[in-house]
Amino acid sequence: MSERAASLLAWYAQHRRDLPWRRTKNPWAVWVSEIMLQQTRVDAVRERFESFVVKYGEPRAFAAATDDEVLVAWRGLGYYRRARSLRDAARIVVAEHEGQVPRDSTALRNLPGIGEYTQGAIGSIAFDLPLPAIDGNVERLLSRTLWIEIDPKSRDARDRMRDEIRTLHTSAHVSSPGDVNQALMELGAMICTPRAPKCAQCPWMLFCEAHERGRVEELPRTSGRSKATAVETEVLVARREDTVLMQRVPPGEINAGQYCLPTLGIPIRREDDLEQSVRRSLGVHVRIGKRTASFKHAITKWRLTVHVREALDPPPPDAIAADVDARYGSPRNDDVPATTIVRKALRVLDRR
Ligand code: SF4
């Protein structure tokens, strides 16, 4: 085994975080974890992963989930489109692969929601296939160690990274490609961090070109993330006893299919006046008080400031237009796919 592979795997064996999805090679569990981890904090995934795989322990179970059940299962993780893709992919697995996650890398890649990274992660971790899995952490780590000065997403940069990973897979013949891939991701996440990487603790310090040059923070050469856009909006809290009025978010909008509070629009403002907006969307006039609380909420590229206003005369359910998908319900009820915004709004009101 090369020194590079040996030091990487030795470091990983000693320092890897004990995460629930690392305790299994079950292909479905690995797949679920990889989809959940896309653009989502490890701590948030830790909270949801285990209950998800208990409830949906195999593709067949999730394939049968309704849209609302998918949203409830994914609650708190955001980016709900990937959950629907996962359910659609599970349906294909049932229809075309007898309910078993396919081992074949091309068949994997053809499933909805599986790109090159996810194909590599599932293939290597669950099936020991020698596929690279380059996420943002690996991209940064390899850009620095190999001194890749060009855009790490460019074809030339990717080719160099894939070559390096293939060499590690071949060299680390006693370990699985999945261990190598996970070790690279972990080293990037924990040691080779975007700012102030911990080079003194890095098993690759002696092999790292960026460290040798004393220029570690100059790489990777990304074009820079687009900045989040700040927007303000208002939501209506209309409560009757222990329930709150929620309305289904229409298709095409963020959080489509979930229940949210009546609003001026999130994140795009549909109207400027909340009373008018409510009258138009629910077909009922509601007198609304002034802003009583506010909270921040980040969603995809938006940084929202949400102002909460309460109904002075919450409308009875039968006053709401019959063709509107709105209901009084409790967002704490596990069967209601309510947005995080609903829970946050109630929490800030309760804290006053
Ligand atoms: S030596 Fe520093 S820059 Fe190089 S791979 Fe390790 S942590 Fe990253």
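The values are calculated or read from the model by the stated rules, or taken from the named source; none is laboratory data. Fair warning: this is a prediction, and the values are worked out from it, not measured in the lab. Cβ atoms come from the backbone with ideal geometry, glycine included; neighbour counts cover every protein chain shown. Surface accessibility is based on the protein's heavy atoms, side chains included, excluding ligands, DNA and RNA. Shrake-Rupley method; radii C 1.70, N 1.55, O 1.52, S 1.80 Å.
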Quiz item: Somewhere in the range 221-235, is a residue within 16 Å of the ligand (Cβ to nearest atom) and either in contact with a Ser or Thr (Cβ under 7 Å, 6 or more places away or on another chain) or at pLDDT below 95 (or both)?
Solution: yes
Quiz item: Which residues, counting only those in the range 101-146, are more than 16 Å from the ligand (Cβ to nearest atom), under 15 Å from Val30 (Cβ atoms), among the charged types (D, E, K, R) and in contact with a Leu (Cβ under 9 Å, 6 or more places away or on another chain)?
Solution: Arg103
Quiz item: Restricting the range 176-220 to residues that are near the ligand (Cβ under 10 Å from one of its atoms) and among the polar types (S, T, N, Q), which is least open to solvent (accessible area, probe 1.4 Å)?
Solution: Thr193
Exercise. Name the single residue, out of those in the range 27-81 being part of a helix (DSSP H, G or I) and of a type in the set (Asp, Glu), that is nearest to the chain's Cα centre (by Cα).
Key: Glu34
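Residue-wise test of (1) open to solvent by less than 30 Å² (accessible area, probe 1.4 Å); (2) among the charged types (D, E, K, R).
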site: Gln100; (1), (2): no, no
site: Arg103; (1), (2): no, yes
site: Glu116; (1), (2): no, yes
site: Ala133; (1), (2): yes, no
site: Arg144; (1), (2): yes, yes
site: Asp151; (1), (2): no, yes
Quiz item: Filtering the range 315-332 down to residues that are in a loop (DSSP other than H, G, I, E, B) and either aliphatic (A, V, I, L, M) or exposed (fewer than 11 other Cβ atoms within 10 Å of the Cβ) (or both), which residue is nearest to the chain's Cα centre (by Cα)?
Solution: Val324
Quiz item: Is it the case that Ala293 is farther than 13 Å from Val235 by Cβ, open to solvent by less than 50 Å² (accessible area, probe 1.4 Å) and in contact with a helix residue (DSSP H, G or I) (Cβ under 8 Å, 6 or more places away or on another chain)?
Solution: no
